[in-house]
Amino acid sequence: MYVDDIKTILTDVLSLGGEGARLTADSALLGSLPQLDSMAVISLIGALEDHFGIAIDDDDISASTFETVGSLAAFVAQKRGE
(Lines give C-alpha, C1' and ligand atoms only; values in the text may rest on other atoms or scores of the structure.)
Protein backbone atom coordinates (compact mmCIF):
# COMPACT_ATOMS: atom_id res chain seq x y z
CA MET A 1 0.00 0.00 0.00
CA TYR A 2 2.84 2.40 0.81
CA VAL A 3 5.46 0.68 -1.33
CA ASP A 4 5.75 3.49 -3.90
CA ASP A 5 6.11 6.12 -1.17
CA ILE A 6 8.73 3.99 0.60
CA LYS A 7 10.64 3.52 -2.66
CA THR A 8 10.69 7.30 -3.24
CA ILE A 9 11.86 8.01 0.32
CA LEU A 10 14.57 5.32 0.13
CA THR A 11 15.75 6.69 -3.22
CA ASP A 12 15.94 10.23 -1.85
CA VAL A 13 17.48 9.45 1.55
CA LEU A 14 20.01 6.93 0.22
CA SER A 15 20.69 8.76 -3.07
CA LEU A 16 19.94 5.58 -5.02
CA GLY A 17 19.20 7.29 -8.34
CA GLY A 18 18.09 4.77 -10.98
CA GLU A 19 18.65 1.89 -8.58
CA GLY A 20 15.64 3.10 -6.59
CA ALA A 21 13.32 2.56 -9.56
CA ARG A 22 14.18 -1.14 -9.52
CA LEU A 23 13.06 -1.62 -5.92
CA THR A 24 10.00 -3.80 -5.37
CA ALA A 25 8.08 -4.85 -2.25
CA ASP A 26 10.32 -7.94 -2.09
CA SER A 27 13.60 -6.02 -2.41
CA ALA A 28 15.92 -6.73 0.50
CA LEU A 29 17.17 -3.69 2.41
CA LEU A 30 19.45 -4.31 5.41
CA GLY A 31 22.53 -6.15 4.28
CA SER A 32 21.66 -5.70 0.60
CA LEU A 33 21.93 -1.94 0.17
CA PRO A 34 25.39 -0.79 1.21
CA GLN A 35 24.03 2.76 1.49
CA LEU A 36 21.69 1.66 4.31
CA ASP A 37 24.09 1.92 7.24
CA SER A 38 23.25 2.90 10.81
CA MET A 39 23.37 6.63 10.07
CA ALA A 40 21.17 6.19 7.00
CA VAL A 41 18.63 4.27 9.09
CA ILE A 42 18.36 7.30 11.40
CA SER A 43 17.84 9.61 8.42
CA LEU A 44 15.31 7.20 6.94
CA ILE A 45 13.33 7.06 10.17
CA GLY A 46 13.18 10.87 10.26
CA ALA A 47 12.01 10.98 6.65
CA LEU A 48 9.31 8.37 7.33
CA GLU A 49 8.10 10.31 10.38
CA ASP A 50 7.92 13.54 8.40
CA HIS A 51 6.29 12.06 5.30
CA PHE A 52 3.69 9.91 7.02
CA GLY A 53 3.08 11.99 10.17
CA ILE A 54 4.04 9.16 12.50
CA ALA A 55 6.27 8.87 15.55
CA ILE A 56 8.72 5.99 15.62
CA ASP A 57 10.11 5.02 19.02
CA ASP A 58 13.38 3.16 19.46
CA ASP A 59 11.38 0.19 20.78
CA ASP A 60 9.46 0.03 17.49
CA ILE A 61 12.56 -0.65 15.44
CA SER A 62 13.88 -4.10 14.70
CA ALA A 63 15.92 -5.66 11.92
CA SER A 64 12.77 -7.30 10.57
CA THR A 65 11.22 -3.85 10.03
CA PHE A 66 13.99 -3.03 7.56
CA GLU A 67 14.19 -6.50 5.99
CA THR A 68 12.40 -5.56 2.74
CA VAL A 69 10.61 -2.62 1.16
CA GLY A 70 7.35 -4.47 1.86
CA SER A 71 8.12 -5.03 5.54
CA LEU A 72 8.89 -1.32 5.90
CA ALA A 73 5.62 -0.44 4.14
CA ALA A 74 3.71 -2.81 6.45
CA PHE A 75 5.39 -1.18 9.46
CA VAL A 76 4.27 2.28 8.30
CA ALA A 77 0.71 1.01 7.77
CA GLN A 78 0.72 -0.46 11.28
CA LYS A 79 2.05 2.79 12.77
CA ARG A 80 -0.73 4.67 11.00
CA GLY A 81 -3.28 2.31 12.53
CA GLU A 82 -4.24 0.67 9.26
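The values are calculated or read from the model by the stated rules, or taken from the named source; none is laboratory data. These figures come from a predicted structure and were not determined experimentally. With ideal geometry, Cβ positions are generated from the backbone for all residues, glycine too; neighbour counts draw on all protein chains shown. Keep in mind that these areas ignore ligands, DNA and RNA; they rest on the heavy atoms of the full protein, side chains included. Shrake-Rupley method; radii C 1.70, N 1.55, O 1.52, S 1.80 Å.
Of the heavy-atom accessible surface of the chain (probe 1.4 angstrom), what whole percent is carbon and sulfur? It is 49 percent, rounded to a whole number. Once Cα Rg over 2.2 N^0.38 Å is calculated for the structure shown, the corresponding label among (1) 1.36; (2) 1.17; (3) 0.97 turns out to be (3). Sketch the reach of a paramagnetic label on residue 19 as a point 7 Å from Cα along Cα-to-Cβ, and name the residues of the range 43-77 whose backbone nitrogen lies under 11 Å away. Label zone hits: none. With R₀ set to 22 Å, the beta-carbon distance separating residue 61 from residue 12 gives a calculated FRET efficiency near 0.65. Extending 7 Å from Cα along the Cβ direction at residue 54 and again at residue 28 yields two label points whose distance is 2.4 nm. Accessible area per residue for the chain is 55 Å², calculated with a 1.4 Å probe on protein heavy atoms, without ligands, DNA or RNA.
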